[in-house]
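Enquirer: First the structure, then my questions, so here it is.
Values quoted throughout were computed directly from the atomic coordinates according to the rules given, and no laboratory measurement underlies them. Remember, predicted model here, so these are calculated numbers, not experimental data. When we count neighbours, we look across all protein chains shown, and the Cβ atoms used for this are built from the backbone with ideal geometry, even at glycine.
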Amino acid sequence: MDLKWEKRVMRRRNKIFAASVIATIIILIVIFYRESNHEWKHFQKTYNVKLAEKLNSPDIKNEPLRINQLWLPQLNTTDRCMTCHKGVENPMFVNEPQPFTTHPGDFLKTHSIDKFGCTVCHQGDGQAVTVEATHGAVHHLNRQLLAKEFVQASCVKCHIDLHDNSVTADTFKGIRTFFEGRGLTFQYGCRGCHKIIGEGGSIGPELTGLGSKTELAFMLIHDFEHVEGQHTMGQWIYEHFLNPQKVVPGNPELNFAPTIMPNFGLTPEQARALTIYVLGLRNPKVDAIPYEYISQKRLAQASSKPVR
Ligand code: HEC
Ligand code: HEC
Ligand code: HEC
Ligand code: HEC
């Protein structure tokens, strides 16, 4: 056989192979791009259709679709949540489903979107524009989205008086669960083993700063094998409260004993309240909230005594 001819065929085959690999990659990128765009565009379009109906102004239906973004260099955030959550400030959407519905409470009145954005309270990946990337479990150098009562773990970043004993659910309305958790830490004597804001023992790990950890930082030093729910820091902590020995059973082969943290027989509600409270134990150096965002009003009202 002609060796030269064979080489030429081989070379041509290699080229065809390389070209098809590149084409496949391009097609995959295009599909991925279209899919991830399709989602938010669909939500925004639906919002516009609903708004057009409510205002009886058909033109709104044809408004161009675009990513709504808020860049807040002071907070080091870029939030695009409003791209899908278009109705948060529109009272006409109060009975609509997510993501269109009006924001509950008056949180966006006391904290204007322009100054605060969303992720300073809700965490999550502000730059992402897909439901999976914003609401799914994150495993990287980011923080899990906080929804429902779990948002209460963020208030302490700026309302530092929430760790003051004189501030209670009666004087600071709307975050009852956080205070419930705070109360339980005294009831069960957690400080006998854990240091919490400068006070407590060292049998267990210090809890101050736990809430400011990224998912990755937590995941690297915790075993998720015995966690049944979503593999996130919040879920690990919650299941650990319900049954510490189930989540940290030790390993007889390696001579590791099960955890000595007592099983307090907590109800799911109590475990949730404690989870919210410990996720609210922040590290100010990590959160890096600028001075103008720290609540002054409440700080002035609080006494300087530590929590008891
Ligand atoms: C691609 C569109 C989209 C983007 C972007 C988006 N969301 Fe959502 N969001 C939804 C949808 C759809 C739901 C309802 C279904 C669900 O919970 O997954 C929802 C639900 C929620 C809920 C309620 C979840 C619950 O468990 O009750 C919160 C809180 C929320 N979003 C906050 C945010 C924040 C904060 C951001 C920005 C970091 C954001 N969303 C970005 C579409 C979006
Ligand atoms: C000052 C803190 C704060 C800011 C800023 C904030 N939220 Fe919220 N958000 C809350 C609290 C607190 C709740 C009520 C949780 C509950 O049900 O107890 C909530 C509830 C929600 C809900 C309803 C579902 C749920 O989990 O209860 C959605 C959706 C939501 N927020 C989206 C947003 C979006 C989008 C932005 C930005 C435009 C935003 N939030 C900004 C604190 C905040
Ligand atoms: C990024 C910082 C920041 C975060 C996070 C934050 N707040 Fe605020 N909040 C402020 C500032 C600043 C004010 C303006 C008034 C002041 O100085 O207290 C304010 C005002 C308020 C007010 C009205 C005034 C008052 O003190 O009675 C309430 C209520 C409130 N915040 C509750 C919350 C709750 C609940 C959360 C958590 C879901 C939260 N805030 C998260 C900074 C923040
Ligand atoms: C007898 C001592 C003891 C008591 C009391 C105790 N713990 Fe623990 N706790 C530990 C030990 C030891 C660990 C480390 C092993 C493990 O993860 O179970 C731990 C782990 C934890 C963790 C995981 C922290 C991390 O960074 O991995 C949290 C959160 C926690 N405890 C909260 C609490 C709370 C809240 C209370 C009170 C309701 C409490 N503990 C009571 C001993 C204790």
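Enquirer: Could you check which residue among Ile31, Ile237, Ile60 shows the biggest mean-square fluctuation in a GNM of the chain with a 10 Å Cα cutoff?
Expert: So, out of Ile31, Ile237, Ile60, the one fluctuating most is Ile31.
Enquirer: Let me ask another. Only Cα pairs under 8 Å and at least 6 apart count here; give the relative contact order of the range 3-122 as a rounded whole percent. Display every interim value, and only then the final one.
Expert: Numbers: 94 pairs, mean separation 19.5, N = 120.
Over the range 3-122, the number comes to 16 percent.
Enquirer: Mind listing which GluC sites (Glu not before Pro) in the range 170-237 are in a DSSP loop and have 11 or fewer other Cβ atoms within 10 Å? Intermediate results must be reported in sequence, preceding the final value.
Expert: Details: sites: Glu180, Glu199, Glu206, Glu215, Glu225, Glu228; in loops: Glu206, Glu225, Glu228.
Passing both the DSSP loop test and the Cβ count: Glu225, Glu228.
Enquirer: Do any cysteines in the chain lack another Cys Cβ under 4.7 Å, and if so which?
Expert: Cys84, Cys121, Cys155, Cys158, Cys190, Cys193
Enquirer: Okay, next question. How high is the relative contact order of the chain, given as a whole-number percent (alpha carbon pairs under 8 Å, six or more residues apart)? Don't jump to the answer; show the numbers that get you there.
Expert: Values: 401 pairs, mean separation 49.5, N = 308.
Here the relative contact order equals 16 percent.
Enquirer: Tilt of helix 176-187 relative to the longest C-alpha principal axis of the chain, in degrees (0 to 90, nearest 10)?
Expert: Once rounded, one gets 50 degrees.
Enquirer: Please identify, among Phe256, Phe178, Phe218, the residue showing maximal mean-square fluctuation in a Gaussian network model of the chain using a 10 angstrom Cα cutoff.
Expert: Phe256
Enquirer: Can you bin every Cα-Cα distance in the range 152-301 into 5 Å intervals starting at zero and give me the percent of pairs per bin, rounded to whole numbers?
Expert: P(r) over the range 152-301, rounded to whole percents: 2, 9, 17, 22, 21, 14, 8, 4, 2, 1, 0, 0.
Enquirer: Projected onto the charge dipole of the chain (+1 at Lys/Arg Cβ, -1 at Asp/Glu Cβ, origin at the Cα centre), which of Thr101, Val227, Ile237 gives the Cα projection farthest towards the positive end?
Expert: Thr101
Enquirer: Over the chain, what portion of Cα pair distances is larger than 28 Å, expressed as a whole percent?
Expert: When every Cα pair of the chain is considered, 52 percent fall beyond 28 Å.
Enquirer: Which angle between 0 and 90 degrees, to the nearest 10, do you get for helix 233-242 versus the longest principal axis of the chain when only C-alpha atoms count?
Expert: 40
Enquirer: Nearest 0.05, what FRET efficiency do Asp170 and Thr259 give at R0 = 30 Å with Cβ-Cβ as r?
Expert: Details: r = 36 Å, r/R0 = 1.19.
The calculated FRET efficiency here is 0.25.
Enquirer: Would you calculate a helix-derived [θ] at 222 nm for the chain, using -39,500 (n - 2.57) for each DSSP H run of n ≥ 4 and dividing by the full residue count, to the nearest 500? The partial results should precede the final answer.
Expert: Details: 12 runs with 124 residues, N = 308.
Value at 222 nm, helices only: -12000 deg cm²/dmol.
Enquirer: Taking the Cβ of Gln69 as the centre, find all other residues whose Cβ is under 11 Å away and add up their charges (Lys, Arg: +1; Asp, Glu: -1). Could the numbers behind the result be given before it?
Expert: Working: positive: Arg66, Arg80; negative: Asp79.
Overall, the nearby charge balance is +1.
Enquirer: Take every Cα pair under 8 Å in the range 163-308 that's 6+ residues apart, average their separations, divide by the length, and report that relative contact order as a whole percent. The partial results should precede the final answer.
Expert: Working: 174 pairs, mean separation 48.3, N = 146.
Value for the range 163-308: 33 percent.
Enquirer: Among Arg66, Arg182, Arg143, which one shows the biggest mean-square fluctuation in a GNM of the chain, springs joining Cα atoms closer than 10 Å?
Expert: Among Arg66, Arg182, Arg143, the largest mean-square fluctuation in the Gaussian network model of the chain belongs to Arg66.
Enquirer: Return, for the Cα atoms of the range 3-122, the radius of gyration and Dmax in Å, separated by a comma.
Expert: 23.5, 80
Enquirer: Calculate how steeply helix 268-279 sits against the longest principal axis of the alpha-carbon atoms of the chain, using the helix alpha-carbon long axis, and give the answer as 0 to 90 degrees to the nearest 10.
Expert: Here the helix axis deviates by roughly 80 degrees.
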